[in-house]
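Here is the structure we will look at, set down as structure tokens.
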Protein chains: 2
Amino acid sequence: MSFQSLEGIQSLALVGATGIVGREFLSILNDNRIKIPRLKLLASELSVGSTLEVAETELYVEELNEASFDGVEAAFFSAPANVTREYVPRAVEAGAIVVDDSSCFRLERGVPLIIPEINGALLKDFEGRIISTPNCAATPIAMALKPLQERYGIRRVVATTFQSVSGAGRKAVDELSAQTAALLNGKTSPTEVFPHRIAFNCLPLIGPALDNGDSDEETKVVKELRKILELPSLLVSATCVRVPTFCGHGVSLNVELMKEPDTLDVVSELLDSFAGVRVVDKPSGGIYATNVEASGGDDVFVSRIRRDYSLSNGLNMWVMTDNLRKGAALNALQILDTLYTYRRMS
Amino acid sequence: MSFQSLEGIQSLALVGATGIVGREFLSILNDNRIKIPRLKLLASELSVGSTLEVAETELYVEELNEASFDGVEAAFFSAPANVTREYVPRAVEAGAIVVDDSSCFRLERGVPLIIPEINGALLKDFEGRIISTPNCAATPIAMALKPLQERYGIRRVVATTFQSVSGAGRKAVDELSAQTAALLNGKTSPTEVFPHRIAFNCLPLIGPALDNGDSDEETKVVKELRKILELPSLLVSATCVRVPTFCGHGVSLNVELMKEPDTLDVVSELLDSFAGVRVVDKPSGGIYATNVEASGGDDVFVSRIRRDYSLSNGLNMWVMTDNLRKGAALNALQILDTLYTYRRMS
């Protein structure tokens, strides 16, 4: 992946620098040798004074406060909702452009919800100050649907997710480790982040349950897909499940197209030629994407592409991506890169 | 659970006694203090000479051979396909009635595929010799669908499974343990049972892939559901995924009914009043079934019952059961009990 325009950023604030997405953001900067002259690592009081390595330099983590955004050109927020709601407006007031990973602004009018390969063009001549990056489960689904939407149209989607604990943050990762180790040693370890044991256990509810029975996470997936794909009445049923894996969100995706798809070879080619999507699909040879393949990578993998014969225009797919990268930090960096590419061109 | 008629069996052979389902079968006999005068534990050469405790007595495991079924009244087979194909006919020749856990005979005409709560009545006046118990993923789905089928009719089902490693046998359980322990210690452990690492990883293919792209497991789910529910043209799309859990198969079930369902309270009551099904569904209080609740229990749990508003008559549910019990050994014992109840009555 190239980020040719990111080096046009003179100063960038990273809010939530010590969190799991913040660290992934820095790791992508490091891996791609992207140098940003003034990089400000911001976090809550608890992390202040710790250091993180960026471009072979140790940077101190600073406390997020009212003055944090003075002279800052762009900010990436990966922070809890209360922090986001308080400090995004301050960053905007200070003149920064904000890319936000929270759900706070995603559905607001005037806030583009961007996956660059799908709707990055919305950033051309963009004059707003806040851009949202989508929910980590919505992103891989949107990526797999977009090429199908363009060619065949989409009538209805039934999605069931297999979401890793890293989607719930660093403490969730620690909880899965600690509980798993304890159980293998015949002991128990406390349940704090999740409402039930997560080790060797699937939890069929992510986020609070709403009055209609859907979870908060399922509602995000449905509403964000509609916004990203610009299909406000797209029929979507989502079921979001937390599984005991560290990294990678999988999705079992059942799609009813508007018209009959071509052969599976053509569909496979169509998906694989969409930027950011990679088809890995030779099930008879044991070849399909699992969490292991996806973790640390940039692509949205699509496997198990097959006709669903219970519909005239049905397709099934297994979709898998690194939830911290394309599902969060990588997509945010791509958003910034796209924005600065348009700015450079104009 | 009561097994009032099982004690009418004078002699029972258990083929695959040392396997994971065989052991669960014995554990249910023990827990329910069911005494069968002549119980024969049969296994492959490798296990011969080992002992298993049944009704406070140590029983020797005998080698399965041509003479194994002499004088045996009933046999439960939980064995690999080649063993099943060779020895079930011998058991039948010897005059035994066979309950088989494999997929070898499930779809054969004249072989009832039984979940007693659903179609146990097929065993009344049954004069055949082979009865099959369904696939461990098909069983919970059928149990959740049956009461809905009776009241509303079913048009189409989209099912995605979360299947535990115990469904693949004892070595699969050992592989998940060993790989998990190794990874937590920064080491690796071989991958032998599964085609890829299973620790902290989801594998979106169970069993071989067929020419149409479906897996063997998915095909079983579709065909067996149609037979069990006596709906030969039921529209079903299944996706079967192996997840890193030891026990319990979960299913994300999307159902299109023939007519509009009643309120969710009524649907919940309808499901909960079906024998063998238990509704556990207060998501706002964090109450839903996970592998932990299901493991070691007899019920098929249904949680997250909600309308799917992408359809006029749509419902979503999360279904979870112990794959070794209701998915295999318990259901087999219920089949025998049902059969002997009918025999006693006639």
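Among the residues of the range B:3-36, those that are open to solvent by 10 Å² or more (accessible area, probe 1.4 Å) and polar (S, T, N, Q) comprise B:GLN4, B:GLN10, B:THR18, B:SER27, B:ASN30, B:ASN32. Restricting attention to the range B:246-271 and to residues that are more than 7 Å from chain A (Cβ to nearest Cβ) and among the polar types (S, T, N, Q), the residue that is farthest from the chain's Cα centre (by Cα) turns out to be B:THR263.
For the range B:99-119, how many residues are more than 16 Å from the chain's Cα centre (by Cα) and open to solvent by less than 30 Å² (accessible area, probe 1.4 Å)? It would help to see each step written out before you state the result.
The first filter runs over the range B:99-119 and keeps only residues more than 16 Å from the chain's Cα centre (by Cα), leaving B:108-111.
Checking which are open to solvent by less than 30 Å² (accessible area, probe 1.4 Å) leaves us with B:111.
Count: 1.
May I ask you to verify whether B:ALA332 is more than 21 Å from B:LEU271 (Cβ to Cβ) and open to solvent by less than 10 Å² (accessible area, probe 1.4 Å)? So B:ALA332 passes the test. Being open to solvent by less than 10 Å² (accessible area, probe 1.4 Å), at the interface with chain A (Cβ under 7 Å from one of its Cβ atoms) and touching a residue at least 24 places away in the same chain (Cβ under 8 Å) is a description that applies to B:VAL243.
Does B:GLY167 satisfy the criteria of being assigned to a helix (DSSP H, G or I) and either open to solvent by less than 10 Å² (accessible area, probe 1.4 Å) or of a type in the set (Gly, Ala, Ser) (or both)? Write out each step before concluding.
On the way: assigned to a helix (DSSP H, G or I): yes; either open to solvent by less than 10 Å² (accessible area, probe 1.4 Å) or of a type in the set (Gly, Ala, Ser) (or both): yes.
Yes: the conditions hold for B:GLY167.
Of all residues in the range A:296-325, exactly one satisfies the criterion of being hydroxyl-bearing (Ser, Thr, Tyr), open to solvent by less than 10 Å² (accessible area, probe 1.4 Å) and more than 9 Å from chain B (Cβ to nearest Cβ), namely A:THR321. Candidates are the residues of the range B:172-182 that are more than 24 Å from the chain's Cα centre (by Cα) and within 9 Å of chain A (Cβ to nearest Cβ); the one that is least open to solvent (accessible area, probe 1.4 Å) is B:THR180. Just a yes or no: is a residue in the range A:216-227 open to solvent by less than 40 Å² (accessible area, probe 1.4 Å), in contact with a Pro (Cβ under 6 Å, 6 or more places away or on another chain) and within 21 Å of A:GLU256 (Cα to Cα)? Yes, there is a match, as at least one residue in the range A:216-227 is open to solvent by less than 40 Å² (accessible area, probe 1.4 Å), in contact with a Pro (Cβ under 6 Å, 6 or more places away or on another chain) and within 21 Å of A:GLU256 (Cα to Cα). Considering the range A:226-283, the qualifying strands (runs of 3 or more DSSP E), each wholly inside and each with 1 or more residues that are over 21 Å from A:ASP216 (Cβ atoms), run over A:249-257, A:277-279.
Just to check your reading of the model, which residue among B:LEU235, B:LEU231 is farther than 19 Å from A:THR239 by Cα, more than 10 Å from chain A (Cβ to nearest Cβ), surrounded by fewer than 19 Cβ atoms within 10 Å (Cβ to Cβ) and out of contact with any Pro (no Cβ under 9 Å at 6 or more places or on another chain)? From the options B:LEU235, B:LEU231, the qualifying one is B:LEU231.
Being open to solvent by less than 10 Å² (accessible area, probe 1.4 Å) and part of a loop (DSSP other than H, G, I, E, B) is true for just one of A:PRO147, A:PRO134, A:PRO140. Which residue is that? Give the steps one after another, and end with the answer.
Numbers: A:PRO147 fails: part of a loop (DSSP other than H, G, I, E, B); A:PRO140 fails: part of a loop (DSSP other than H, G, I, E, B).
Step by step, each of A:PRO147, A:PRO134, A:PRO140 is checked, and only A:PRO134 is open to solvent by less than 10 Å² (accessible area, probe 1.4 Å) and part of a loop (DSSP other than H, G, I, E, B).
None of B:ASN323, B:ASN331 is assigned to a loop (DSSP other than H, G, I, E, B) and either free of Cβ contacts under 8 Å to residues at least 24 places away in the same chain or out of contact with any Leu (no Cβ under 7 Å at 6 or more places or on another chain) (or both) except B:ASN323.
Answer yes or no as to whether B:ASN291 is surrounded by 21 or more Cβ atoms within 10 Å (Cβ to Cβ), of a type outside the set (Lys, Arg) and closer than 30 Å to A:THR188 by Cβ. For B:ASN291, the condition - surrounded by 21 or more Cβ atoms within 10 Å (Cβ to Cβ), of a type outside the set (Lys, Arg) and closer than 30 Å to A:THR188 by Cβ - is met. Do the conditions hold for A:PRO190, that is, is it free of Cβ contacts under 8 Å to residues at least 60 places away in the same chain and over 24 Å from the mean Cα position of the chain (by Cα)? The answer is yes for A:PRO190. Within the option set B:GLY95, B:GLY128, being at positive phi, free of Cβ contacts under 8 Å to residues at least 60 places away in the same chain and open to solvent by 10 Å² or more (accessible area, probe 1.4 Å) holds for one residue only, B:GLY95.
Whether any residue in the range A:102-124 is more than 14 Å from chain B (Cβ to nearest Cβ) and touching an Asp or Glu at 6+ places or on another chain (Cβ under 7 Å) is what I want to check. Talk me through it step by step, then tell me what you get.
Of the range A:102-124, the ones more than 14 Å from chain B (Cβ to nearest Cβ) are A:102-124.
Narrowing the set further to residues that are touching an Asp or Glu at 6+ places or on another chain (Cβ under 7 Å) leaves A:106, A:113.
For the range A:102-124, residues more than 14 Å from chain B (Cβ to nearest Cβ) and touching an Asp or Glu at 6+ places or on another chain (Cβ under 7 Å): present.
Applying the condition of being among the aliphatic types (A, V, I, L, M) and within 11 Å of another protein chain (Cβ to nearest Cβ) to the range B:183-206 and asking which residue is nearest to A:ILE305 (Cα to Cα) yields B:LEU205. Restricting attention to the range B:41-57, the residues that are open to solvent by 30 Å² or more (accessible area, probe 1.4 Å) and touching a Gly at 6+ places or on another chain (Cβ under 9 Å) total 1. Being touching a Cys at 6+ places or on another chain (Cβ under 7 Å) and free of Cβ contacts under 8 Å to residues at least 60 places away in the same chain is a description that applies to A:ALA81. For B:PRO147, the criteria (1) in contact with a strand residue (DSSP E or B) (Cβ under 8 Å, 6 or more places away or on another chain); (2) more than 14 Å from chain A (Cβ to nearest Cβ); (3) within 30 Å of B:TYR87 (Cα to Cα) hold in every case but one, which is (3). Which of the residues belonging to the range B:246-283 are open to solvent by 10 Å² or more (accessible area, probe 1.4 Å) and under 30 Å from A:ASN291 (Cβ atoms)? Once the filter is applied, which keeps residues that are open to solvent by 10 Å² or more (accessible area, probe 1.4 Å) and under 30 Å from A:ASN291 (Cβ atoms), the range B:246-283 yields B:PHE246, B:CYS247, B:VAL280, B:ASP281, B:PRO283.
Which one is nearest to the other protein chains (Cβ to nearest Cβ) among residues in the range B:213-225 that are touching a strand residue (DSSP E or B) at 6+ places or on another chain (Cβ under 7 Å) and either under 19 Å from B:SER132 (Cβ atoms) or not in a strand (DSSP E or B) (or both)? The selected residue is B:GLY213.
Filtering the range B:109-125 to residues that are touching a residue at least 24 places away in the same chain (Cβ under 8 Å) and either in a loop (DSSP other than H, G, I, E, B) or over 17 Å from B:PRO232 (Cα atoms) (or both) leaves B:ILE114, B:ILE115, B:PRO116, B:GLU117, B:GLY120, B:LEU123, B:LYS124, B:ASP125.
In the range A:272-295, the residues that are under 23 Å from A:ILE115 (Cβ atoms) and facing another protein chain (nearest Cβ under 9 Å) form no Cβ pair under 7 Å with any partner that is open to solvent by 60 Å² or more (accessible area, probe 1.4 Å) and among the charged types (D, E, K, R), whether six or more places apart or across chains.
Do we find a residue being within 22 Å of B:ASN201 (Cα to Cα), in contact with a Ser or Thr (Cβ under 9 Å, 6 or more places away or on another chain) and open to solvent by less than 60 Å² (accessible area, probe 1.4 Å) anywhere in the range A:185-194? Among the residues of the range A:185-194, at least one is within 22 Å of B:ASN201 (Cα to Cα), in contact with a Ser or Thr (Cβ under 9 Å, 6 or more places away or on another chain) and open to solvent by less than 60 Å² (accessible area, probe 1.4 Å), which makes the answer yes.
The values are calculated or read from the model by the stated rules, or taken from the named source; none is laboratory data. Note that this is a predicted model, so its numbers are computed, not measured. We place every Cβ from the backbone using ideal geometry, glycine too, and count neighbours over all the protein chains shown. SASA here: full protein model, heavy atoms, side chains in, ligands and nucleic acids out. Shrake-Rupley method; radii C 1.70, N 1.55, O 1.52, S 1.80 Å.
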